[in-house]
Amino acid sequence: MIVSKRVTCASALHFCRLSASPGPGLALGALAACLGLAGSPVIAQTAASGQSSSAAPAEGQLEEVTVTARFRAEKLQETPLAITAVTGDTLAARGATDVTNLAAFVPNAVISPLGAGWGATIAASIRGVGLSDNSLSFEPGVPIYVDGVYLGRPQGAILDLLDLDRVEVLRGPQGTLFGKNAVGGTVSLISKKPTGDGHGYVDVGLGDFNRRDFRGAWDVSVVPDQLFARVSFSSKRHDGFVDVLDFECVNGAGALGAGGPGLPALGQPGVRLGSAVTKTDSRGCVVDHQGNENMQSARLALRYLATDALEVNLVGDYTLQNQEGPPDQYTSIDPNSLFPSLWNAAVSKPVFGINWDQRFLPPRNYTNYDGYTDPLTGHQFPNVNDMTEWGLANVINWTLAPTVNLKAVTAYRRFSNSFGRNSSGSPLPINYTWDTSNHRQFSEEITLTGTAVEKLDWTLGGFYYNAKDSNQGFSSLFPDLGIFAASSFDDFDTQTTKNYAAFVHGVYHFTDKLSGTVGVRYTSDKKHAVIFRQDFAGLVTIPHTPVDVSASKVSPKVSVDYQFTPDVLGYLEYSTGFRGGGFGPRPSDAFQVRSFKAEDLKTTELGIKSEWFEHRLRWNSAVFYSKYTNLQEGFNTSDPFGQPWFSTVNVGASRIYGFEAELLAEPIKGLQLQGSFGYLNYKVTDAGGPIDPTTGQSSFGVCITHADGSACVPPRSPKYTAGFSAQYTATVGSSGATLTLRGDTTYQSAVYFTDLTYTAIPGQAGYALVNGRLTWDSPGREWSVSAWGTNLTDKFYYNGKLTLQVLGFEEGNPGAPRMWGINLRRSF
């Protein structure tokens, strides 16, 4: 069920995320604890439970949903925002285990892994605004928050949905309260707090692809009525579903030729590629896999009730990921493109005796011919996607006066992600990359909330963020071609980001029915990066070159809402947000080291929230119109020196409008129906220059017309998204045991993954996915057994594609095939 228990005044500050300077959160907590400061018990959360609470609904009625998106506890149906709230129980019922599963609940949202070559990176887009890159130079368009802590990078954000109380997804710009980068919306994960009740659970799962899942939690009282602890853990393992094949094993001995005469002028002898397997190899023609899962996560939460007015929560989490590369499959190889044709003639044929061409397209879905050793240099580009990530957060809720509350969030996080990629789909050394990305961030967030003159709910806040990022690796692109300044090189980029902000937000209740909201935020954002490139021969092609970008932004918000009846709320809202600037992420020479500026989004939204038929049906919907300016658009071309140039520039503007609806109903006892629908119309109104009707390209080469006639299509922005779920629970016999049957289906229409796609159809045609689950619960719910299946129709689809026309290839990231499993859960 999409419900969230009613939270208290303390937990109402759960998302308060702003502070004036680093460090005071910890100091305030320590000072308050030492002085034993007390006040009126405005913290309505019970010390024993620590969880949100709500009155049980009358039989057949929907349970009330409470959210904290405006930094105070409010009923979902009385909050004038486009927001989807999902409880931890609902996540479990749908089998959602990581952040990429959340899009199934949200209209106009696409959330998926970014794919091969991008590491452990999430691609999140809401209302046509998102990000499809992992470079440290880019900012997310839909940031992730964990217990109010902002995650500064989409890399490292494919988080396990571990021991959550609920998830809140806000749609549309949230710049006033959530700050920089909250332009498409936000995703907030709220964890369960320790209660000291001694309860917990253990869940074991088995399934195909050698699946072995294990997760659990335990809540304990350390000091009765004062100090509580909750430990939770998760381990997820399954084998990869993409087979890496040996080319000669599949196509016969000699299929890779006998090698060529070599390049004597360069001292390069001929190379015979041959086979990597023998006739007695037990692996057959499958030499490796991609797309497996091997992730372990743990979380420890401590909750200290210092006084009736002061609560301190200290949380630590750790994630270890040791996986093969993400799934990868090649959809297009064009040997007649400029660089492939030159490389075939100058290198591939003389050295290897064969050309790179369509013979290396996969023989069937979920396969490729990748190799991970450069036969020219011997460099290894391992088939791995490994990551370690950990964080600490201290959250203080302090009642300063009967109507004034303070929340301070002090947090430190870091991750390291190493990953390799072969972008040729063959053992030929067309394009290999190896990267290690490191990130560490410190944030301090302080908010004050209160009520004045009985009608004004006010919030004041400040925010500080400091992050240090680096990316180090090496790359090989058409080696020995001789026309690139650095076709095979080492790279090392570093970046420091500093962000300060302050905001004020107020809701004035003119009458019991009419309210108005005004808010504004000031943000100062600065980045300093240093870029370095050196080829394998030792020649420095880009010396340590600095690039700076900064922005000062004011993000206002105004809205008015009216409670037409106790069950119908209407609102009109104007909100704004911006995404920070950066630098061109992959320069080939010093000429290409250039910055781009921040982009801006302004949205007007009209919405309604309603319940009908004695609270048996909930219908929420919204229409919106957005103006998107200074867009950060990427395109590939060549610079004046003939080097391939993957550039990012600020161009023109777009307008976006759409419609969203969400439905929840319990028409009869035991039956629950849930649905969502999104419509999105995105149009580039100014591509940065006049568009040539012959080529479809603007003067900057950014806007192109695709082979199917579509022009200026934004990435990851389907026109239609929809979801529908049905769940029925019946009592089995007289024992009180229950049997629950659940079905979920999601749909998205055709989508492009980059605005450079040049295939005959969109990057992914429209498709639907169907999942199912059958669960038996014992009379006291101590035991449960679930049998489940995902992608029951075994639909083949792509989560993303990387299209580089200038380099002559397109590779896609297949979604998972049909999978099934069985879970046994013991609650205590």
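Of all residues in the stretch 595-605, none are β-branched (Val, Ile, Thr) and modelled with pLDDT under 95.
Given the structure, is residue 162 farther than 22 Å from residue 676 by Cα and surrounded by 24 or more Cβ atoms within 10 Å (Cβ to Cβ)?
It is false that residue 162 is farther than 22 Å from residue 676 by Cα and surrounded by 24 or more Cβ atoms within 10 Å (Cβ to Cβ).
The stretch 579-685 holds strands (runs of 3 or more DSSP E) entirely within its bounds, and those carrying 3 or more residues that are among the small types (Gly, Ala, Ser) map to 617-638, 644-665.
Residues being open to solvent by less than 70 Å² (accessible area, probe 1.4 Å), under 30 Å from residue 437 (Cα atoms) and part of a strand (DSSP E or B) are entirely absent from the stretch 556-576. Determine, yes or no, whether residue 593 is surrounded by fewer than 17 Cβ atoms within 10 Å (Cβ to Cβ), under 30 Å from residue 492 (Cα atoms) and β-branched (Val, Ile, Thr). In short, no. Reported count of residues in the stretch 467-479, each being open to solvent by 30 Å² or more (accessible area, probe 1.4 Å) and of a type outside the set (Lys, Arg), is 2.
For every residue, the table says whether it meets (1) basic (Lys, Arg); (2) open to solvent by 40 Å² or more (accessible area, probe 1.4 Å); (3) without any contact (Cβ under 8 Å) to a residue 60 or more places away in the chain.
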{"position": "288", "(1), (2), (3)": "no, yes, no"}
{"position": "296", "(1), (2), (3)": "no, yes, no"}
{"position": "301", "(1), (2), (3)": "no, no, no"}
{"position": "307", "(1), (2), (3)": "no, no, no"}
{"position": "321", "(1), (2), (3)": "no, no, no"}
{"position": "324", "(1), (2), (3)": "no, yes, no"}
{"position": "345", "(1), (2), (3)": "no, yes, yes"}
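Screening residue 488 on (1) open to solvent by 10 Å² or more (accessible area, probe 1.4 Å); (2) within 26 Å of the chain's Cα centre (by Cα); (3) not basic (Lys, Arg) shows it passes everything except condition (2). Residue 366 passes every criterion in (1) in contact with a Pro (Cβ under 7 Å, 6 or more places away or on another chain); (2) open to solvent by 20 Å² or more (accessible area, probe 1.4 Å); (3) without any contact (Cβ under 8 Å) to a residue 60 or more places away in the chain apart from (3). When you scan the stretch 202-217, do you find a residue that is crowded, with 18+ Cβ neighbours inside 10 Å and not in a strand (DSSP E or B), even just one? Checking the stretch 202-217: at least one residue is crowded, with 18+ Cβ neighbours inside 10 Å and not in a strand (DSSP E or B). Note on the stretch 647-667: residues that are open to solvent by 10 Å² or more (accessible area, probe 1.4 Å), under 26 Å from residue 170 (Cα atoms) and in contact with a Pro (Cβ under 8 Å, 6 or more places away or on another chain) total 1. Of the numbered criteria (1) of a type outside the set (A, V, I, L, M); (2) closer than 30 Å to residue 398 by Cα; (3) out of contact with any strand residue (DSSP E or B) (no Cβ under 8 Å at 6 or more places or on another chain), the one residue 316 fails is (3).
Note on the stretch 411-438: among residues that are over 24 Å from residue 585 (Cα atoms) and open to solvent by less than 10 Å² (accessible area, probe 1.4 Å), the one that is farthest from the chain's Cα centre (by Cα) is 428. Every test in (1) closer than 30 Å to residue 479 by Cβ; (2) modelled with pLDDT of 95 or more; (3) not hydroxyl-bearing (Ser, Thr, Tyr) is passed by residue 370 save one, and that test is (2).
Conditions tested, residue by residue: (1) over 30 Å from residue 407 (Cα atoms); (2) in a loop (DSSP other than H, G, I, E, B).
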{"site": "299", "(1), (2)": "no, no"}
{"site": "316", "(1), (2)": "no, no"}
{"site": "322", "(1), (2)": "yes, no"}
{"site": "335", "(1), (2)": "yes, yes"}
{"site": "341", "(1), (2)": "yes, no"}
{"site": "349", "(1), (2)": "yes, no"}
{"site": "362", "(1), (2)": "yes, yes"}
{"site": "365", "(1), (2)": "yes, yes"}
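Among the residues of the stretch 49-70, the ones that are out of contact with any helix residue (DSSP H, G or I) (no Cβ under 6 Å at 6 or more places or on another chain) and at pLDDT 90 or above come to 2 in all. Looking only at the stretch 494-546, which residues are closer than 25 Å to residue 136 by Cβ, acidic (Asp, Glu) and open to solvent by 10 Å² or more (accessible area, probe 1.4 Å)? The answer is 535, and nothing else.
If you check 458, 390 for being over 26 Å from residue 325 (Cβ atoms), assigned to a strand (DSSP E or B), open to solvent by 10 Å² or more (accessible area, probe 1.4 Å) and modelled with pLDDT of 95 or more, only one passes: 458.
Residues of the stretch 617-646 that are at pLDDT 95 or above and open to solvent by 60 Å² or more (accessible area, probe 1.4 Å): 619, 623, 625, 627. Is one or more of the residues making up the stretch 754-764 in a strand (DSSP E or B), at pLDDT below 85, more than 27 Å from the chain's Cα centre (by Cα) and surrounded by fewer than 18 Cβ atoms within 10 Å (Cβ to Cβ)? No, because not a single residue in the stretch 754-764 is in a strand (DSSP E or B), at pLDDT below 85, more than 27 Å from the chain's Cα centre (by Cα) and surrounded by fewer than 18 Cβ atoms within 10 Å (Cβ to Cβ).
The values are calculated or read from the model by the stated rules, or taken from the named source; none is laboratory data. Being a predicted model, the structure only gives us computed values, none of them experimental. Heads up, the Cβs are rebuilt from the backbone with ideal geometry, glycines too, and the neighbour counts pull from every protein chain shown. When the accessible area is computed, the model is the full protein with side chains, heavy atoms only, and any ligands, DNA or RNA have been set aside. Shrake-Rupley method; radii C 1.70, N 1.55, O 1.52, S 1.80 Å.
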